[in-house]
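**Q** The structure that follows is given in the form of structure tokens.
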Amino acid sequence: MSLLDRSARDLATELRSGGLTAAAVTTASLDRIEAQESDIRAWAYVDPKAALAQARAADVRRAAGERLGALHGLPVGVKDIIDTADMPTEYNSPIHRGRRPKTDATLVARLRSAGAIILGKTVTSEFAVYTPGPTRNPHDLSRTPGGSSSGSAAAVAAGMIPLALATQTNASTIRPASFCGIVGYKPSLGLLPRTGVLKQSTMLDQPGLMARNVGDAALVASILMGADPLDEQTLAATPFSLSAVGVTNSAPRLAFVRGPYWEQADASTQAAVAAYVSSLDGVVAPIDLPPAFDEAASVHSVIMNAGIAESYLEDYRRSKALMSDVVRGIVEAGRGLSAVKFVAALSARERLRASFLEIAAPFDALVTPAALGVAPKREAGTGNPIMSTLWTLLGAPSVSLPLLQGPEGMPLGVQLVGRLNADADLIRAAAWLERRGAVR
């Protein structure tokens, strides 16, 4: 097994003990990037000299006997809508080319405090919306890695880095994770801090994490969670520790939910997910959602479009000619919404959240597709986000697990959705299913 094929937890343990140096692990990551980046194009910015300087400084701290963080010496990628004081944060937009934030986002500050090496900035779609970036799927370069956390998903899937920060306002963590065959974890709304992250909609923006297994995602999540006094959606409590991924003989309480958009999924996806549920030997209870959930996509669209119109208004007024037609169209659609329609959408969201609380109460996780199918060809765009839209609207935690294989051997994720703010139970269920293994 090569160095970069090891789990983030194993690497972190060896780095803290001195069995590995941060310089060696960072060098391995940089070498992998150099070998693959011309094909995959996952990075918006990498400074090898600066990364190695961070790593050597980490090795000096360990040699001096200083107290080390849980991510000491571990290379991490940061999506290029998350501010970094020592690197550009440009949102993949010509409007913000050359933008250099003065301070780190809270997420990045917490990574640094834990000893992580910020290797670089991963590619995002323009303004983290729908216009694709240049990144390609490591499993098939002719296919999309998904959006908008395309670079983070592809870099982890290619073994360039063990962990990366992502975000999700619709499906930007779960869908790329499914397409790239890795674990994507989007915690409950408010669990991860958003200060210094590009704002789209305060009711929908949710940072996420890319990793190669559930335990690695849980490791970094447990470090990053905690109150953010500048984030109006923040949750004060950290809901789980790494014990959530511990081995247990008790099967989780699972439900199979097709969801309101099941019929849009490819026939192969429907068959694969249904067969997977059947393979769980009666552990899963099938349930249906009430008809009110059918309106989730339209409610989400109103809230997201209004938020984007408000957040990007100055860019639109100053430089709309530099925006893609897609982004410009979303801003204009949001500006055209009435206050009555927006308030009605917020009210509908709260009704759905209240209903979901009751429906999900008996279960640790709901099983549902992570995407409509495998990654489409790049010319078709970043893929339809609809299988995550409802869960993002609710602010419910979700995980994509690389458990299935679709047509032409491409990865296909199984999505687990947890109760609101019950991330520990969701992670425990995800770890249990991960241990059972993939279906081929």
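The values are calculated or read from the model by the stated rules, or taken from the named source; none is laboratory data. Every value quoted in this text rests on a predicted model; they were computed, and no experiment measured them. Glycine also receives a Cβ, built like all others from the backbone with ideal geometry; neighbour counts cover every protein chain displayed.
**Q** For residues that are of a type in the set (Gly, Ala, Ser) and without any contact (Cβ under 8 Å) to a residue 40 or more places away in the chain, tally how many sit in the stretch 82-108.
**A** Taking the stretch 82-108 first, the residues of a type in the set (Gly, Ala, Ser) are 85, 93, 98, 105.
Now restrict to residues that are without any contact (Cβ under 8 Å) to a residue 40 or more places away in the chain: 85, 98.
Number of matching residues: 2.
**Q** Can you find a residue that is buried (at least 20 other Cβ atoms within 10 Å of the Cβ) and of a type in the set (Lys, Arg) anywhere in the stretch 411-425?
**A** Yes, because at least one residue in the stretch 411-425 is buried (at least 20 other Cβ atoms within 10 Å of the Cβ) and of a type in the set (Lys, Arg).
**Q** Taking the condition of being in a loop (DSSP other than H, G, I, E, B) and more than 22 Å from the chain's Cα centre (by Cα), how many residues in the stretch 35-50 meet it? Steps first, answer last, please.
**A** Within the stretch 35-50, the subset in a loop (DSSP other than H, G, I, E, B) is 41-42, 47.
When the remaining residues are screened for being more than 22 Å from the chain's Cα centre (by Cα), the result is 47.
Matching residues across the stretch 35-50 total 1.
**Q** Let me ask something additional. I need the full set of residues from the stretch 174-194 which are assigned to a loop (DSSP other than H, G, I, E, B) and either among the polar types (S, T, N, Q) or closer than 19 Å to ALA227 by Cα (or both), in order please.
**A** PRO187, SER188, LEU189, GLY190, LEU191, LEU192, PRO193, ARG194
**Q** Can you tell me which residues in the stretch 11-60 are in contact with a Pro (Cβ under 9 Å, 6 or more places away or on another chain) and without any contact (Cβ under 8 Å) to a residue 12 or more places away in the chain?
**A** The answer is GLU34, and nothing else.
**Q** What tally of residues in the stretch 134-150 results from selecting those that are more than 19 Å from ALA370 (Cβ to Cβ) and surrounded by 24 or more Cβ atoms within 10 Å (Cβ to Cβ)?
**A** Matching residues across the stretch 134-150 total 0.
**Q** Could we say that TYR316 is more than 26 Å from ILE359 (Cβ to Cβ), touching a helix residue (DSSP H, G or I) at 6+ places or on another chain (Cβ under 9 Å) and buried (at least 16 other Cβ atoms within 10 Å of the Cβ) here?
**A** yes
**Q** Do we find a residue being part of a helix (DSSP H, G or I) and not basic (Lys, Arg) anywhere in the stretch 278-285?
**A** Kept after step one, since they are part of a helix (DSSP H, G or I), are these residues of the stretch 278-285: 278-279.
When the remaining residues are screened for being not basic (Lys, Arg), the result is 278-279.
Yes, the stretch 278-285 contains at least one residue that is part of a helix (DSSP H, G or I) and not basic (Lys, Arg).
**Q** Taking the stretch 288-310 on its own, how many of its residues are surrounded by fewer than 19 Cβ atoms within 10 Å (Cβ to Cβ) and either part of a helix (DSSP H, G or I) or at pLDDT below 95 (or both)?
**A** Here the count works out to 8.
**Q** Is at least one residue of the stretch 339-362 at pLDDT 95 or above, under 18 Å from VAL273 (Cα atoms) and either among the β-branched types (Val, Ile, Thr) or out of contact with any helix residue (DSSP H, G or I) (no Cβ under 6 Å at 6 or more places or on another chain) (or both)?
**A** Taking every residue of the stretch 339-362 in turn, none turns out to be at pLDDT 95 or above, under 18 Å from VAL273 (Cα atoms) and either among the β-branched types (Val, Ile, Thr) or out of contact with any helix residue (DSSP H, G or I) (no Cβ under 6 Å at 6 or more places or on another chain) (or both).
**Q** Moving on to the next point. Determine whether THR131 is at pLDDT 95 or above and either closer than 19 Å to LEU224 by Cα or of a type in the set (Ser, Thr, Tyr) (or both). First the steps, then the outcome.
**A** Details: at pLDDT 95 or above: no; either closer than 19 Å to LEU224 by Cα or of a type in the set (Ser, Thr, Tyr) (or both): yes.
No, not satisfied.
Residue-wise test of (1) within 28 Å of GLY146 (Cβ to Cβ); (2) in contact with a strand residue (DSSP E or B) (Cβ under 9 Å, 6 or more places away or on another chain); (3) surrounded by 18 or more Cβ atoms within 10 Å (Cβ to Cβ).
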| position | (1), (2), (3) |
| --- | --- |
| ASP39 | yes, no, no |
| ARG67 | no, no, no |
| PRO75 | yes, yes, yes |
| GLU90 | yes, yes, yes |
| HIS96 | yes, no, yes |
| LEU111 | yes, yes, yes |
| ILE118 | yes, yes, yes |
| SER125 | yes, no, yes |
| PRO132 | yes, no, yes |
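Yes or no, residue by residue, for (1) more than 30 Å from ILE33 (Cα to Cα); (2) of a type outside the set (Gly, Ala, Ser):
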site: SER152; (1), (2): no, no
site: ALA158; (1), (2): no, no
site: PRO162; (1), (2): no, yes
site: VAL183; (1), (2): no, yes
site: LEU191; (1), (2): yes, yes
site: ALA211; (1), (2): no, no
site: THR234; (1), (2): yes, yes
site: ALA237; (1), (2): yes, no
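**Q** Now, a different point. Can you say whether ALA217 is part of a helix (DSSP H, G or I), touching an Asp or Glu at 6+ places or on another chain (Cβ under 9 Å) and at negative phi, as far as the supplied structure shows?
**A** Working: part of a helix (DSSP H, G or I): yes; touching an Asp or Glu at 6+ places or on another chain (Cβ under 9 Å): no; at negative phi: yes.
No, not satisfied.
To keep it simple, each residue is scored yes or no on (1) hydroxyl-bearing (Ser, Thr, Tyr); (2) crowded, with 22+ Cβ neighbours inside 10 Å; (3) at positive phi.
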residue	(1), (2), (3)
THR368	yes, yes, no
VAL374	no, yes, no
ARG378	no, no, no
PRO407	no, no, no
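**Q** Taking GLY373 as the residue in question, decide whether it is outside any helix (DSSP H, G or I) and within 25 Å of GLN200 (Cβ to Cβ).
**A** no
One line per residue, one yes/no per condition, for (1) under 20 Å from PRO176 (Cα atoms); (2) part of a loop (DSSP other than H, G, I, E, B):
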| site | (1), (2) |
| --- | --- |
| ALA28 | no, no |
| ILE33 | yes, no |
| ARG67 | no, yes |
| LEU71 | no, yes |
| LYS121 | yes, no |
| THR131 | yes, yes |
| THR135 | yes, yes |
